[in-house]
Amino acid sequence: MPPTAPPPTRHFLAEYATLWRIPAIRWLALGNGLSNMIFFSTVIVRFEQSRGLDFTEIFLLESLVSVFAWLFDIPTGVWADQFGRKRLLLAGRALNALSLVVTALAQGFWPFAFGSLFFGAGLACVSGCESALVHESLPESLPDDVSQTRPSGAAAFALLGTAQSGGFFVGLIAGSALGAVDPTISVVASLIPAALAILATGWLPADAPNHQKDTDGRTPSAPTPAPLTPTPSPASARKLLHGAWMTVLTQPRLVVLSLTQSGAFALVNAIFWYNQPFFARAKLPIVWYGSLTALAVGCGMLAPLALPWARRRLGARGALAVALLAP
């Protein structure tokens with residue numbers, strides 16, 4: 001009897017090496033990192049004050065982003081079904097770049113509010129499409145010469161989260177140097193990674209892999225792609241609203257968790273982005289603003305990579321508790 005091969009070892013980074021070989025995941029991660037490379041975040045308060053905004057208006061803009069993202073959440077889900085997820089993801093990246101153009105030219109509150117509208121709509125376009133593309137891009141099986149470890153959805157989202165934090169980290173460090181010269185330069189410079197994020201998104205496969213199985217249960221090497229533009233369904237919006245309402249009725253704890261997370265997002269951004277007046281009161285040089293804030297981002301940049309491991313050890317609830325309590 002021939003000797004049996006030893007069982008594959010589950011190395012900590014094996015899942016991420018396998019994920020990086022999947023084109024859709026790779027370009028999603030690159031696009032995510034580039035779109036979050038925001039150079040002006042370290043001097044946003046100084047910039048908006050120089051354009052005539054007071055603190056009340058500055059904080060109100062943050063609320064408008066959350067409101068517009070919420071309002072566009074259901075329509076973008078329908079548009080993704082009708083026009084394809086890649087196209088909607090490209091639209092989200094383009095709206096992000098457009099919001100930067102409006103912000104760079106804005107004077108007074110209402111032009112900034114229009115920029116928040118574009119940015120919030122872009123967030124709504126990106127969030128759902130990224131999640132769906134991640135799930136559809138994960139293979140059900142892998143060839144023997146690719147990897148011994150089949151990647152999980154948790155690892156894929158951890159990779160995207162790390163890419164997002166990495167882009168933000170670079171933006172904080174570089175943005176401090178640019179903002180020390182002129183806050184407007186940091187806003188205009190943010191258009192460069194935003195444009196590169198559009199290019200990275202354009203390299204995504206036209207369709208997510210359709211993992212149909214052969215009669216012997218194996219995944220074919222050349223899967224049949226789905227049509228680029230799915231047939232529109234007039235009931236899509238109604239179905240989505242019905243599904244959302246049923247979720248509210250059947251999963252109230254999940255709804256409370258989601259609302260709490262949304263509120264925490266706005267609060268953390270308010271603290272994280274708008275701590276600059278405290279830095280100014282302490283007479284810290286602007287060049288240090290991003291470096292100090294980047295310490296927090298750097299600590300959290302690699303932590304998501306350990307979440308799949310924590311989920312296997314602690315379970316889904318335990319890993320979620322660690323992720324929520326650690327910050």
### Message
How large is the Rg to Rh ratio of the stretch 5-138 when both quantities use alpha carbon positions and Rh follows Kirkwood?
### Response
1.11
### Query
By how many nm would the segment from residue 278 to residue 321 lengthen if fully extended, with 0.36 nm per residue of separation less the alpha-carbon distance?
12.4 nm
### Query
Carbon-plus-sulfur fraction of the accessible area of the stretch 9-65, 1.4 Å probe, in percent?
64 percent
### Message
Expected output is a single nm value to one decimal: the length gained when fully extending between residue 295 and residue 192, i.e. 0.36 nm times separation in residues minus the C-alpha distance. What is it?
### Response
34.7 nm
### Message
Quick check: net charge around residue 48, other residues with Cβ under 15 Å of its Cβ, Lys/Arg +1 and Asp/Glu -1?
### Response
-2
### Message
Around residue 78, under 15 Å between beta carbons, what's the net of Lys plus Arg minus Asp minus Glu among the other residues?
### Response
+2
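The values are calculated or read from the model by the stated rules, or taken from the named source; none is laboratory data. Fair warning: this is a prediction, and the values are worked out from it, not measured in the lab. All Cβ positions, even for glycine, are placed from backbone atoms using ideal geometry, and neighbour counts span all protein chains on display. Accessible surface is based on the protein model in full, side chains and every heavy atom, while ligands, DNA and RNA are left aside. Shrake-Rupley method; radii C 1.70, N 1.55, O 1.52, S 1.80 Å.
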